[in-house]
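Scroll down for the structure; my scribbles are underneath it.
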Amino acid sequence: MKALQFVEVGKPLQLAEVAKPVASPGGLVFKVKACGICGSDLHSVEVPGFLQAGSVLGHEYCGEVVEVGAGSEPWKVGDRLTAVPARPCGTCPECNAGMFAQCSQIIAQGFDARMPGAFAEYSTCMAGLAVKISDTLSDAEAALIEPLAVGLNAWRTASVEPGASVLILGAGVIGLAVAKWAQFFGAGDIGISEMVPARLARARASGFAPVIDASEHADPVIEFERQTGRKPTVLFECVGRPMIDKLIAMAPVKTQLVMVGTGMQPESFTVVSAALKRLKMTFPFAYVPSDFHFVQRMLTSRRIHIDGLVTDTVALKDAGAMFQLLRKPNDHCKVLITP
């Protein structure tokens, strides 16, 4: 089968012929129907030593089961799925308590050569972490369950009070996902700061306000207060680049900073600057398996929509070129690979 492989830092991903995976006990093999290109994929190829040569990225996926491993009942060939993209050890205290994301031996799919991702024609997942997809959802909706779950977990981790004013920095798919959940759970003002014109337009079209052009307002908190008459009590960082120092400088007293972007580059900031403002900093990561089920229910009931999130789809043969394009400034939100 064909798969898009990481070669080394500084080189484009390479389309290669690799062996089709085989279902292991407790596992499933699926034909990939759609897989999103994530910001963490784009960041990971820039970090020396983070990925092994031959790694296959891709963790935001949906597919159709083609092989069922022993002990993976009641899954059957032809079922549609998405899955928590990981392989926890299954034996540590955290796994036994159902807290798979906290497993110290967890293998993150796509970022570890031992569990290739879904930038390929076929991939694998653990049956116990897979979610059967409703026939009422499209492949695009199913592939967006994972990033929507990231936004959901970020919102839940922040424990935002109903009616609170929030400011989201970055209008990529995660920023918009957080905004959708903010709206869903009853936030007051839902501000978004972004500097790419197409993303600003997307945020406005989705009904969020205020939408602040970061190229014109270096401190979006000031503009947020000017437009709403209120200061945000929670700032969600959804950019994934070093900016903690800037967030501390702009944050009002007693603000909560929620670092959703999961940046992979070193940060530098002065702790006392945050302490003097009595700031709270939260680092949400990923999700729990039940989030996938909840997101699917909300999509199926049309209480959450993916409107404005998917901006393009590409075939696997063209995905390498698209990946390179996305590493530079661009207008896209979520691009899906459809092998």
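The values are calculated or read from the model by the stated rules, or taken from the named source; none is laboratory data. A quick note: this is a predicted structure, and the numbers were derived from the prediction, not measured. Ideal geometry is used to build each Cβ from the backbone, glycine not excepted, and the neighbour counts take in all protein chains shown. Side chains are part of the model used for accessible areas, which takes the heavy atoms of the whole protein and leaves out ligands, DNA and RNA. Shrake-Rupley method; radii C 1.70, N 1.55, O 1.52, S 1.80 Å.
Note on the chain: with neighbouring protein chains present and a 1.4 Å probe, carbon and sulfur make up 55 percent of its accessible heavy-atom surface.
Net charge in the neighbourhood of Val18 (other residues with Cβ under 13 Å of its Cβ; Lys, Arg +1, Asp, Glu -1) is 0. Divided by 2.2 N^0.38 Å, where N counts the residues, the Cα radius of gyration of the chain comes to 0.99. Here the stretch 32-162 is treated as a Stokes sphere of Kirkwood radius computed over C-alpha pairs; at 10 °C and 1.306 mPa s its diffusion coefficient rounds to 101 µm²/s. Decide, for the stretch 76-128, between rounded, prolate and oblate: order the square roots of the alpha carbon gyration tensor eigenvalues as a ≥ b ≥ c, take rounded if a/c falls under 1.5, and otherwise choose prolate if a/b is larger than b/c, else oblate. It comes out oblate by the Cα gyration axes. Decide, for the stretch 232-289, between rounded, prolate and oblate: order the square roots of the alpha carbon gyration tensor eigenvalues as a ≥ b ≥ c, take rounded if a/c falls under 1.5, and otherwise choose prolate if a/b is larger than b/c, else oblate. Oblate, since a/c reaches 1.5 and b/c is not below a/b.
Averaged per residue, the stretch 1-86 has 41 square angstrom of accessible surface, using a 1.4 angstrom probe with ligands and nucleic acids left out. Counting only DSSP beta bridges whose two residues both lie in the stretch 115-219, roughly 10 percent are antiparallel. When DSSP beta bridges are limited to those with both residues in the chain, what percentage is antiparallel, rounded to the nearest 5? Approximately 55 percent, going by the DSSP bridge assignments.
A dipole drawn for the chain from +1 and -1 charges on Cβ atoms has a positive end, and of Tyr61, Thr270, Ser104 the residue lying farthest that way is Thr270. For the peptides 78-85, 168-175, the ranking by mean Cβ contacts within 10 Å, running from highest to lowest, is 168-175, 78-85.
As an exercise, identify the trypsin sites (Lys or Arg not before Pro) in the stretch 232-286 lying in DSSP coil whose Cβ has no more than 16 other Cβ atoms within 10 Å. Counting only loop positions with at most 16 other Cβ atoms within 10 Å, the trypsin sites (Lys or Arg not before Pro) in the stretch 232-286 are Lys254, Lys277, Arg278. Normalised by residue count, the stretch 192-257 yields a Cα convex hull volume of 89 Å³ per residue. First check a/c for the stretch 160-227, with a ≥ b ≥ c the square roots of the eigenvalues of its C-alpha gyration tensor; if it is under 1.5, answer rounded, and if not, answer prolate when a/b is larger than b/c or oblate otherwise. It comes out oblate by the Cα gyration axes. With the Kirkwood sum run over all distinct C-alpha pairs, the stretch 189-339 has a hydrodynamic radius of 17.7 Å. Based on the Stokes-Einstein relation at 37 °C and a viscosity of 0.692 mPa s, and on the Kirkwood radius from alpha carbon pairs, the stretch 157-278 is assigned a translational diffusion coefficient of 229 µm²/s. Model label sites at Ala19 and Ala53, defined 7 Å from Cα along the beta-carbon direction, differ in position by 1.9 nm. For the stretch 1-71, the alpha carbon positions stretch 40, 22, 19 Å along the principal axes, listed from largest to smallest.
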